[in-house]
Amino acid sequence: MDQPLKFALTFFSRTYERILLIVLFIQVPLLAAYFFIANYIYAVTPTYGSLYSAADIYNAWFMIMFFLFAQVPFLYFWHYEESGHEKPLRYAFLQTMIQSFHFFVFAVAISLLVTIGFAAFVLPGLIILGLFISAPVIAIMDQKSVWKSVRESIRLFKRNHWKIMLLMIFFSITELAVSVFAQTMIISITESFMAIVLSHLVLNTIFLPLFYLTLAVLVAKWRQELGLFETGEELTTY
């Protein structure tokens, strides 16, 4: 795990067919719902000519909420696959269905805090996101409540804050650059809004799983360096 991005890319390519099923049955419907909600928000919310409108804030909240919630099935699949589980994809779907409510509530609450942080100033929002972003990974690895994983997530951020923030910034800037390039190319051919939406949809189905997998690999590596893995109420040293 010395090269987490390379490891994530290898895992992504090795299990692409099964990851594609997660993308088709979970991520794409969530993305479609987000695009519909975002379009509706901008259609009905007045802007008043300000730089950032209420619609931008609502949109950011839903976007971060989706970002936090959509990682759950990918993390479950990664965990079961790396643990040598017999049917990792089936159990990933099953556990996502069983635990989705808890992760959704977590995503709603944390995305609200992050949105407030971004509205106040960009850096506080980034820090708040960094503090809590590892909690779902830890919860899935230890098979416990995501709320009980918050303390360790904050601990990991304190020890690796620059790495976590640089990871988020790197993927954000890379996806933004590719999105702008793809959108420019599409507009030069057609001005169809559907074509633009589909291009963003395709890019998100690549970048988001890669980010989730890279984060999971890093969290596992950092926890191993600390020498503590929590199982139930006990701490086990590996």
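The values are calculated or read from the model by the stated rules, or taken from the named source; none is laboratory data. Keep in mind it's a predicted model, so treat the numbers as computed, not measured. Positions of Cβ are backbone-derived with ideal geometry, glycine not excepted, and every protein chain shown enters the neighbour counts. Please note that ligands, DNA and RNA were not included when accessible areas were found on the heavy atoms of the full protein model with its side chains. Shrake-Rupley method; radii C 1.70, N 1.55, O 1.52, S 1.80 Å.
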Quiz item: Consider residue 206 against the criteria (1) open to solvent by 30 Å² or more (accessible area, probe 1.4 Å); (2) touching a residue at least 60 places away in the same chain (Cβ under 8 Å); (3) closer than 28 Å to residue 84 by Cα: it satisfies all of them except one. Which criterion is unmet?
Solution: (2)
Quiz item: Would you call residue 140 aliphatic (A, V, I, L, M), part of a helix (DSSP H, G or I) and either farther than 19 Å from residue 11 by Cβ or at pLDDT below 95 (or both)?
Solution: no
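For region 167-200, which residues satisfy the criterion of being more than 21 Å from residue 211 (Cα to Cα), part of a helix (DSSP H, G or I) and among the β-branched types (Val, Ile, Thr)? Even if it seems obvious, please write down each step before you answer.
Going residue by residue through region 167-200, those that are more than 21 Å from residue 211 (Cα to Cα) are 183-196.
When the remaining residues are screened for being part of a helix (DSSP H, G or I), the result is 183-189, 193-196.
Answer for region 167-200, where residues must be more than 21 Å from residue 211 (Cα to Cα), part of a helix (DSSP H, G or I) and among the β-branched types (Val, Ile, Thr): 184, 186, 187, 189, 196.
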Quiz item: Do we have residue 10 as over 18 Å from the mean Cα position of the chain (by Cα) and open to solvent by less than 30 Å² (accessible area, probe 1.4 Å) here?
Solution: no
Quiz item: Would it be correct to say that residue 192 is open to solvent by 70 Å² or more (accessible area, probe 1.4 Å) and farther than 24 Å from residue 216 by Cβ?
Solution: no
Self-check item: Among (1) open to solvent by 80 Å² or more (accessible area, probe 1.4 Å); (2) in contact (Cβ under 8 Å) with a residue 40 or more places away in the chain; (3) touching a Phe, Trp or Tyr at 6+ places or on another chain (Cβ under 6 Å), the one test that residue 72 misses
Solution: (1)
Quiz prompt | Answer from 186, 154 - the residue that is surrounded by 14 or more Cβ atoms within 10 Å (Cβ to Cβ), closer than 20 Å to residue 110 by Cβ and touching a residue at least 12 places away in the same chain (Cβ under 8 Å) | solution = 154
Quiz item: Tell me, which residue of region 81-131 that is within 19 Å of residue 146 (Cβ to Cβ) and touching a residue at least 60 places away in the same chain (Cβ under 8 Å) is surrounded by the fewest Cβ atoms within 10 Å (Cβ to Cβ)?
Solution: 93
Exercise. Please state which one of 64, 41 is without any contact (Cβ under 8 Å) to a residue 24 or more places away in the chain, open to solvent by less than 70 Å² (accessible area, probe 1.4 Å) and assigned to a helix (DSSP H, G or I).
Key: 41
